[in-house]
Every structure is written in structure tokens, then in C-alpha cells.
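The values are calculated or read from the model by the stated rules, or taken from the named source; none is laboratory data. If you're wondering where the values come from, they're calculated on a predicted model, not measured in any experiment. Positions of Cβ are generated from backbone atoms using ideal geometry, with glycine treated the same way; all protein chains shown enter the neighbour counts. The protein model used for the area step is the full one, side chains on, heavy atoms only, and it has no ligands, DNA or RNA in it. Shrake-Rupley method; radii C 1.70, N 1.55, O 1.52, S 1.80 Å.
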Amino acid sequence: MERMSEALQRGAGDDLESRVKRAGGVLTIDLDAIVANWRLVTARLRPGSRCAGVVKADAYGLGMAQVAPALASAGCRRFFVATIDEGLALRTLLPEAEIMVLCGPFAGTEHDFLAHRLLPILNSPQQVADWAQFARRREQPLPAVLHVDTAMSRLGLNFNQAKAVAEDRATLAAVPPALVMSHLACADDPDHPLNSGQLAAFAAARTLFPGIEGSIAASSGIFLGPDWHADWVRPGAALYGLRPTPRSLNPMAQVARLQGRIVQLRDVDEGKTVGYGATHRVVAKARLATVAVGYADGIFRALGNRGCGHVGERRVPLVGRVSMDLVVFDVTGVPADEVRPGGFIDLIGPRQSVDDLARDAHTIGYEVLTALGSRYYRHYLGRTEE
Ligand SMILES: *Cc1c(COP(=O)(O)O)cnc(C)c1O
């Protein structure tokens with residue numbers, strides 16, 4: 001077995017052309033578009049506010065190893081990740097960057113933060129106390145970010161807990177705050193009363209820590225206006241081309257394109273059914289294209305009989321259920337020279353954004369991006385380390 005797979009691997013070239021030939025789907029990621037989006041956000045900020053980059057969850061599924069260096073080369077100096085391991089991985093990519101870890105330290109991981117210069121985000125009185133104790137034991141002040149909760153009820157100190165920290169001189173000496181942050185619950189709905197409510201609660205919390213920088217806005221919060229920009233903004237989604245302004249046109253450049261490979265074409269007669277459960281019945285003679293991507297690649301089952309792809313300008317409906325490795329499109333009427341085995345159908349592309357696909361799957365673009373599987377051939381455009 002072992003030897004056979006080695007032999008197969010030797011036979012299969014690792015050059016770009018052979019990798020593309022073997023791929024059931026090609027995911028193209030435009031690093032220059034990500035950089036352009038970071039610049040577009042930066043240009044919108046009130047004077048004095050700066051733009052960090054959120055690269056958690058492997059840069060929303062698009063590849064932190066490529067995305068983070070691209071952002072850094074454009075001038076991004078501060079990055080947010082969710083987990084300690086993501087912070088460690090980012091540190092090897094960017095020795096100089098400032099890295100803030102959203103989950104904060106878990107018991108026994110304090111040394112990892114210190115050794116790799118990760119800044120913890122302290123989300124509870126317990127995390128504050130543990131980090132302060134660690135600092136005292138080391139007899140050195142260890143800065144950290146203080147997260148205050150203003151509506152999410154998820155992470156962060158409430159006002160009274162923040163006040164207790166602010167009044168505790170020993171703790172403040174051990175843990176000088178590097179940033180006071182909060183997170184908006186309803187920023188994608190500009191009319192939601194919680195937005196201004198949270199802004200007021202955040203302002204109140206910040207008075208407890210005079211002179212310390214603040215941050216409240218992620219992608220959608222930035223577009224609520226300059227009042228929300230504080231000293232730092234923390235966009236993720238907008239950098240990756242998702243629409244931060246659900247009520248208006250997307251100001252961001254599209255970043256991802258996803259093409260699924262046509263495995264075969266078949267002409268079927270009226271009355272035939274398609275896929276598991278026979279949920280789609282062909283009403284007239286039809287031409288079907290079977291494409292080599294499925295729910296294991298992040299093409300959600302919810303897209304069955306709802307989603308679509310595109311061949312050039314033409315919309316082609318996704319028919320039947322989504323299988324693990326395959327989906328079927330009805331390409332009846334598409335000129336024969338535009339669909340052929342080995343060719344591609346766009347699942348995300350110029351005619352269908354990530355947000356469009358997400359809507360058909362009853363979810364959000366964030367979930368579509370972070371669910372994209374590991375089987376695609378990933379092709380990076382623009383600045384890259386490779
Ligand atoms: C994920 C996250 C962000 C980035 O949010 P986007 O909506 O993707 O811009 C910012 N701040 C916190 C606390 C987060 O968890």
C-alpha cells in the first residue's frame with residue numbers, strides 16, 4: 001500500500017498545471033483585492049483611527065499564511081486571531097506584528113503568550129486575576145487588552161467588573177491595559193437602537209481607563225460612521241469582500257472565485273429524477289452537468305434545488321440534493337462549446353457573490369467562507385509569499 005501511494009505520488013506532478021488538472025474545484029483568492037479592501041477601510045476612518053486586520057479561522061478560510069503577510073506588506077501592523085494556536089502560527093509568519101488573541105489565556109497557557117509576544121484579550125474577572133497573578137510572579141508588568149461587554153453577553157467584563165479592575169491599583173500595575181475593546185451586536189442594522197446604546201456604554205467604560213486606546217467596530221460597525229471608529233477598527237469580513245452594509249451596495253472588492261469542475265454531461269429524458277431522494281424531476285428533455293464539489297467542500301446541502309451556478313453570463317440552476325462530493329446543474333440550453341467535461345462552472349464569481357450563495361443557503365457569507373473545504377486547488381493572485 002505504502003509503496004503504491006508513493007509511486008502514485010511520484011507519478012503525479014506537483015507543478016501548477018498538474019495540480020489544477022487534478023482538482024475538483026479551483027478557489028482563486030485575490031490578495032490584491034484584500035489589500036485594496038484594507039486600504040478602502042483605512043481611507044474611511046476618522047483622523048487618528050487605525051485599521052487592524054482580523055485573520056482568525058485561517059483568515060476566514062482564505063489562508064492566513066498568504067493573507068496576513070499581504071496585509072502586513074500593505075502596512076497593517078495589528079492583527080486579531082481567535083485562538084492561541086492561531087496566534088502562534090501567525091507569530092511564525094510575522095515576527096514583528098502585534099497579535100491580539102480574542103479568547104484570552106486558558107489556564108497554563110500564559111507562558112505561550114509571553115514567549116511569543118501574544119497580547120491576551122482578558123474577557124472575565126478570572127482571566128484578569130490569573131494574568132495579574134502571572135505578571136506578579138514574574139515581577140514584570142504584562143500588558144493586556146480589556147474586553148468590556150456592552151450587549152453581547154458572550155465575553156467581556158460588565159461595567160461593575162471593569163470598575164473593580166480600574167479601582168484595583170495592584171492589578172492595574174501588573175496588567176497595564178493596552179486597549180479597551182467591546183463588540184457590537186447589531187452593527188449590520190444601522191437603525192438598531194442597540195448601536196448607540198452600546199456606544200454610550202462603551203464610552204462610560206472607557207472613562208474608567210483614561211488615556212487608554214479603544215476599539216468597538218468590526219466590519220459593519222465601521223460603516224455606522226466615525227463615532228464608532230474610536231482608536232482602532234477591527235474588520236475581518238469586509239477585507240474578504242463580504243458586504244458590511246446589508247442595506248446598500250457592497251463597497252468592497254470581491255476577493256474569492258470558486259469554480260467547480262464538470263465531471264460529465266448527460267442528456268436525460270423527461271420524467272427522470274436527479275440525486276439522492278429523487279427530489280428533482282426533469283420536466284422536459286434536459287442536459288445535466290455533474291460537478292465535482294459537494295458539501296464536504298462547503299457547498300451546503302441547503303443549496304439543494306435552491307442554489308445556482310454560472311456558465312459565463314448564464315445562470316444554471318442546481319438540481320437535486322447536494323452530495324458529499326458532487327452537485328448537478330441543469331445546463332439545458334447552454335451552447336455545447338461552453339460546457340464540456342473538464343471545464344468549470346462558477347459557484348462564486350463575477351455573477352454570484354459569496355453573500356448571494358449564502359442567501360440561497362439560508363446563511364451568511366462568513367459561514368460560506370469558513371466552510372470552504374481543503375480539497376480545492378487554491379490559486380492566489382497578486383502579492384504572495386510563494
Ligand atoms: C470576528 C471578530 C471581529 C471581526 O468581525 P467582522 O464582522 O468579520 O469584521 C472583530 N471583533 C471581534 C471581537 C470578533 O470576534
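Assorted remarks:
- When 110, 213, 367 are compared by accessible area of protein heavy atoms, the largest-first order is 367, 213, 110, using a 1.4 Å probe.
- The Cα atoms of the stretch 93-168 give a gyration tensor whose axes a ≥ b ≥ c have a/c of 1.5 or more with a/b no greater than b/c, which makes the shape oblate.
- Among beta bridges identified by DSSP and lying wholly in the chain, the antiparallel ones come to about 55 percent.
- Probe 1.4 Å - accessible area at residue 159, Å² to nearest ten: 90 Å²
- In the calculated pair-distance distribution of the chain, the portion above 39 angstrom amounts to 29 percent of the Cα-Cα pairs.
- Solvent-accessible area of residue 242, all protein chains in place: 0 Å² (probe radius 1.4 Å, heavy atoms, ligands and nucleic acids excluded).
- Here the accessible area is traced with a 1.4 Å probe on the protein chains. For the chain, carbon and sulfur cover 52 percent of it.
- When 332, 28, 207 are compared by accessible area at a 1.4 angstrom probe, the order from most to least is 207, 332, 28.
- Only one residue of 307, 218, 196 has its Cα farthest out toward the positive end of the dipole of the chain, where Lys and Arg carry +1 and Asp and Glu -1 on Cβ, and that residue is 307.
- Ellipsoid semi-axes for the stretch 138-217, based on the Cα gyration tensor and the rule √(5λ), read 26, 11, 10 Å when sorted largest first.
- Pairwise alpha-carbon distances in the stretch 233-284 exceed 17 Å for 63% of all pairs.
- Global form of the stretch 322-386, assessed from the alpha-carbon gyration tensor, a/c cut-off 1.5: oblate
- Amide H contacts under 5 Å for residue 381, placed H, 5+ residues apart: 29, 30, 31
- Using the 1.4 Å probe convention, the accessible area of the stretch 202-305 works out to 43 Å² per residue with neighbouring protein chains retained.
- Each helix, a run of at least 4 DSSP H residues, gives -39500 (n - 2.57); summed and divided by the residues of the chain, these come to -9000 deg cm²/dmol at 222 nm.
- C-alpha center-to-center spacing [the stretch 254-304, the stretch 135-208] in angstrom: 49 Å
- If the convex hull is drawn through the Cα atoms of the stretch 45-240, its volume per residue in Å³: 112 Å³
- Whichever lysines have a C-alpha closer than 27 Å to that of residue 285, once near sequence neighbours (fewer than 8 apart) are set aside: 272
- Taking the empirical scaling 2.2 N^0.38 Å for compact globular proteins as reference, the stretch 187-290 has a Cα radius of gyration ratio of 1.88.
- Taking all protein chains together, 102, 118, 16 sort by accessible area into 16, 102, 118, largest first [probe 1.4 Å].
- The stretch 18-136 shape via C-alpha gyration tensor axes, a/c threshold 1.5: oblate
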